[in-house]
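Since every read-out is calculated from the coordinates, none of them should be taken as a lab result. Note that the structure is predicted; figures quoted are calculated from it, not measured. Backbone-built Cβ (ideal geometry, glycine too); neighbour counts: all protein chains shown.
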Amino acid sequence: MLQPADVLLLDEPTNDLDIPTLEILEESLLEYRGALVLVTHDRFMLDRVSTVVLGLDGAGGAERFADYSQWEQWTKERKTATRKQESATRNSSANGGGASTAAKTDIAVRAATARRKLSYKENRELETIEQRVAGAEEEMKAKHDLLLDPAVMSDGTRLHAISLELEAAQKRIDDLYSRWAELEEKLR
């Protein structure tokens, strides 16, 4: 960790550390300017040093979250939805099918198909979103590079303004990725 690096990959760095060493590690990670990939069971440390939590769903998918508690809530909601869906499936098969079940299934299929279809505007948005993400990421990189300029670092007012612009650029990127996922989900 004493060598200059752009990315640190840490797998369970808190194992076998005493409290003072753990505190030093956390402080060092908070001061680190590069990207940090942290795999840990230490929820407190994860919330303290991370800006994005990548939560794995156990089925090959991943989602971005602001913190561990947001991921935990998302996981609980998914489990609840899965249980309700399984319960509904069991109840409909226990009812013996019949005409009403077939009608309900037909309505559900039509509703699902309607959701999957994108409007013309949404199709155009989906076609251009990758380029817009790339442009927003280039803009963010330019702001980041400007932030590292010694002239900017020595001017507190300018540094603050560019930091706010960098934060806004990151929010635009996050919003674009979120919208992209939303549109892709409609296609499924």
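Counting only lysines at least 8 places from Lys117 when in the same chain, those with an alpha carbon closer than 22 Å to its own are Lys104, Lys186.
Given Cα pairs under 8 Å that are at least 6 residues apart, what percent is the relative contact order of segment 118-183? Don't skip to the answer; put the middle values down first.
Values: 32 pairs, mean separation 30.3, N = 66.
In percent, rounded to a whole number, it is 46.
Residue by residue, segment 171-188 carries 3J(HN,Hα) couplings of 5, 4, 4, 4, 5, 5, 4, 5, 5, 4, 4, 4, 5, 5, 5, 5, 7, 6 Hz when phi is fed to the Karplus relation 6.51 cos²θ - 1.76 cosθ + 1.60 (θ = phi - 60°); x denotes Gly or Pro. Only Cα pairs under 8 Å and 6+ residues apart enter the sum, and on that basis the relative contact order of the chain stands at 14 percent. Here Lys141 is the anchor, and the lysines within straight C-alpha reach of less than 30 Å, apart from those fewer than 8 places off in the same chain, are Lys121, Lys171. Close amide H contacts of Ala66 (hydrogens built in the peptide plane, cut-off under 5 Å, sequence separation of 5 or more or a different chain): Val53.
Provide Rg over Rh for segment 118-183; use the alpha carbon set for both Rg and the Kirkwood Rh (inverse mean inverse pair distance). Value, to two decimals: 1.16. For the chain, the longest principal axis of the alpha carbon atoms and the long axis of helix 19-31 meet at an angle near 90°. With R₀ set to 45 Å, the beta-carbon distance separating Thr80 from Asp155 gives a calculated FRET efficiency near 0.30. Given axes a ≥ b ≥ c from the Cα gyration tensor, I'd like to know whether the chain is rounded (a/c under 1.5), prolate (a/b larger than b/c) or oblate. Here the chain falls in the oblate category.
Taking the Cα centre of segment 118-183 as reference, the dipole from Cβ charges on Lys and Arg (+1) and Asp and Glu (-1) amounts to some 120 debye.
Candidates Val133, Ala151, Ile19 compared by Cα position along the dipole of the chain: farthest toward the positive end lies Val133, with charges placed on Cβ.
Per-residue 3J(HN,Hα) values for segment 157-162, derived from phi via the Karplus relation 6.51 cos²θ - 1.76 cosθ + 1.60 with θ = phi - 60°, read 5, 5, 4, 5, 4, 5 Hz in sequence order (x marks Gly and Pro). Among the trypsin sites (Lys or Arg not before Pro) in segment 1-56, those located in a DSSP loop and surrounded by at most 11 other Cβ atoms within 10 Å of their own Cβ are Arg33.
Across segment 76-83, coupling constants 3J(HN,Hα) worked out from phi with the 6.51/-1.76/1.60 Karplus curve, θ = phi - 60°, read 4, 5, 5, 5, 4, 5, 5, 4 Hz, and Gly and Pro carry x. Proximity of backbone amide H atoms, modeled 1.01 Å from N, is registered between Leu36 and Leu8 at under 5 Å, excluding neighbours fewer than 5 places apart on the same chain.
Within the chain, DSSP assigns beta bridges of which about 45% are antiparallel (rounded to the nearest 5).
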